[in-house]
Amino acid sequence: MTTSTSASGTQNGNSLRSPLLLPPPPPSKIPESDSAPEKLLIDDMLQRYCGEFGPWQLHHFVLTNLAWALEGFHTMVMIFADREPDWTCLGPGCDPQAKNICGFEPGSWTWIGGADSSIVSQWGLVCENKYKVGLVQAMFFCGCMIGAGVFGHLSDSKLGRKGSLTIVCILNAIFGCATAFSPNYLTYLLLRVLTGFSTGGVGLCAFVLATEPVGPTKRGAAGMSTFYFFSTGIVILSGIAYCFRSWHTLYIASSIPSILFVVLVLPFLSESPRWYLVRGKVNEAMKIMHSIAKYNGKHLPDGVVLALDEEESNESNGKQDYKEELEQKEAITGSIIDVIKSPVTRIRLFLAVTINFLCSVVYYGLSLNVVNLDTNIYFNVALNAVAEMPAFLITALLLDRFGRKPLAISTIWFSGTFCLMGALMRSGGIWNTVRMVCGILGIFGMSGTYNLLFIYTTELFPTVVRNAALGCATQAAQMGAILAPFVVVLGGTLPFAVFAVCGIVGGVFCFYLPETLNKPMYDTLTGMEEGEGEGV
């Protein structure tokens, strides 16, 4: 149920009203006086009349970011479904002290928990077939990489933020449930690729939809808070996996929340007013702004209207001309090609892609090292997710005080420094414990960086190409996720050395990015070029 349909239903007096978001008032009208309307950018209107982060934004923010928990489900379910279960000997031909079952006589051993406890025990993905488990993980992230690019473009163009989020959640529910009934490995692999394709669009669509209606001074802290939902989702998934030990039932149980989200949450979400504005749908954008103001206890005067940043502020040739302008306003579109053509955004895109790639290698690489500790897998995964949360809090508290750029450099180098220390540690004895601590501190620093980059990237690009650019950065991050396991298998101190280099180099690249703190969130490429000049 979109905002416009809510308005229509309110006029009829028969529609069901959202329990969280009040229906918007009728479309704003051109004032009856001869004075021209006052044109304002969305950020200015939020600050002056609607409220930057009131009850409307809070409700919308919480509901939208529930999608992040769903992304955690569909991404991390592989940890439990693709794990190698414990085994036990049944008789001669089996060595209970062995580290694996390779070379055991058939029938001399059995899987603990049954054959359906994971895909490894179901299809015998051990010994010479062990590589197939890693292949599934790599192909899932390949699907994520493709999906991020596709849905990043679609959410900027025809589908919009809410439309794209609706489609990816529906696809996740379908592919996730279908995976539970995979009859063989190849079918499972294909469905995981398709799940990755849809999952790749969940986070970026949810992030932009949740943060675009937030005012400029609150956007940083709000953006950092989105990642609590992802970590919380992983914690919940650990509990679900503990209750459902069969990989078949686990996939169904972890996919049902996507169905509930589509049915119970999405109808109460509003499309982004920024997307409406750049698509030429000023009336729809104004309905949402009136709804925000009313729900926040504010008042938005009828004589105030939205304008793009490339338009002359407060300039009009009268009421009649503005009416004609409103009726004839065309959608402004953009693609990744336009990002590359612009002298301002193409440098930003290169830097954002490179930094996201390097940080992803470190983040996923260190996460794999910690997750593979010889401890209870359910407790371990939950603990790792909880351990990231302090990094989100600290980054959110410092974000608007020190700015995006200094904080990004500091957190990346914090992680890179401890990775370098881990690479210099000797093996054996107490040094193994020290290296583990270095890894945990490296994850702590990179968790703050990895999530800060979402906020930073969205602010570096205008609305018309924001999701397309964020999709490219997300694709680069997925490529880093694909390569991370190959770095981990190097063993010894080499992974820490690679992570250290990636962290330090990533911090150097951040020096060439502009600061976005207290800068306007531009709508169009022309507006950004005029506002920022020809530099980065």
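The values are calculated or read from the model by the stated rules, or taken from the named source; none is laboratory data. Keep in mind it's a predicted model, so treat the numbers as computed, not measured. Counting neighbours? That spans all protein chains shown, and the Cβs are built from the backbone with ideal geometry, glycine included. Heavy atoms of the whole protein, side chains included, go into the accessibility calculation; ligands, DNA and RNA do not. Shrake-Rupley method; radii C 1.70, N 1.55, O 1.52, S 1.80 Å.
Based on protein heavy atoms only, region 90-177 ends up with 46 Å² per residue of surface accessible to a 1.4 Å probe. Per-residue 3J(HN,Hα) values for region 47-54, derived from phi via the Karplus relation 6.51 cos²θ - 1.76 cosθ + 1.60 with θ = phi - 60°, read 6, 8, 10, 9, x, 7, 8, x Hz in sequence order (x marks Gly and Pro).
For region 334-527, carbon and sulfur atoms together expose 74% of the accessible surface, with a 1.4 angstrom probe and every protein chain in place. From most to least packed by mean Cβ count within 10 Å, the peptides 438-444, 55-61, 96-102 give 438-444, 55-61, 96-102. The phi-based Karplus calculation (6.51 cos²θ - 1.76 cosθ + 1.60; θ = phi - 60°) puts the 3J(HN,Hα) values of region 253-269 at 5, 7, 9, 4, x, 5, 5, 4, 5, 5, 7, 9, 10, 4, x, 9, 9 Hz, whole numbers, x for Gly and Pro. Extension gain, Val265-Thr217: 0.36 nm per intervening residue step, less the Cα-Cα distance, totals 14.6 nm. For chymotrypsin sites (Phe, Trp or Tyr not before Pro), the sites in region 152-243 that DSSP calls loop and that have at most 12 other Cβ atoms within 10 Å are Phe181.
Each Cα pair of region 334-527 feeds into the Kirkwood radius, which the Stokes-Einstein equation turns, at 4 °C and 1.567 mPa s, into a diffusion coefficient of 75 µm²/s.
Protection proxy ranking for 463-475, 338-350, using the average of other Cβ atoms within 10 Å per residue and placing the highest first: 463-475, 338-350.
Summarising the amide proton neighbourhood of Trp109: residues at separation of 5 or more, or on other chains, whose placed amide H is nearer than 5 Å comprise Leu90. Relative contact order for region 334-527: 41 percent, from Cα pairs under 8 Å spaced at least 6 residues apart, divided by residue count. Using the heavy atoms of the protein chains and a 1.4 angstrom probe, tell me the accessible area per residue for region 334-527 in square angstrom. Per residue, region 334-527 has 39 Å² of solvent-accessible surface.
Look at the alpha carbon pairs under 8 Å that are at least 6 residues apart: their mean separation over the length of region 48-139 gives a relative contact order of 24 percent. Under 5 Å from the amide H of Trp87 lie the amide H atoms of Ile112, each residue being 5 or more positions distant or on a separate chain, with H modelled from the backbone and absent for Pro and chain starts.
Place a label point 7 angstrom from the Cα of Ile394 along the Cα-to-Cβ direction, then list the residues of region 222-259 whose backbone nitrogen is under 20 Å away. Under cut-off, by backbone N: 222-232. Given their separation in residues at 0.36 nm each and the Cα-Cα distance between them, Val434 and Ala115 gain 111.1 nm when the chain is fully extended. The packing ranking, built from the mean of other Cβ atoms within 10 Å per residue, places the peptides 278-284, 385-391, 521-527 in the order 521-527, 278-284, 385-391, highest first. The simple spin-label model puts a point 7 Å past each Cα toward its Cβ; for Val505 and Asn518 those points are separated by 3.5 nm.
The stretch between Val126 and Ile337 holds 71.5 nm of extra length on full extension. This uses 0.36 nm per residue minus the Cα-Cα distance.
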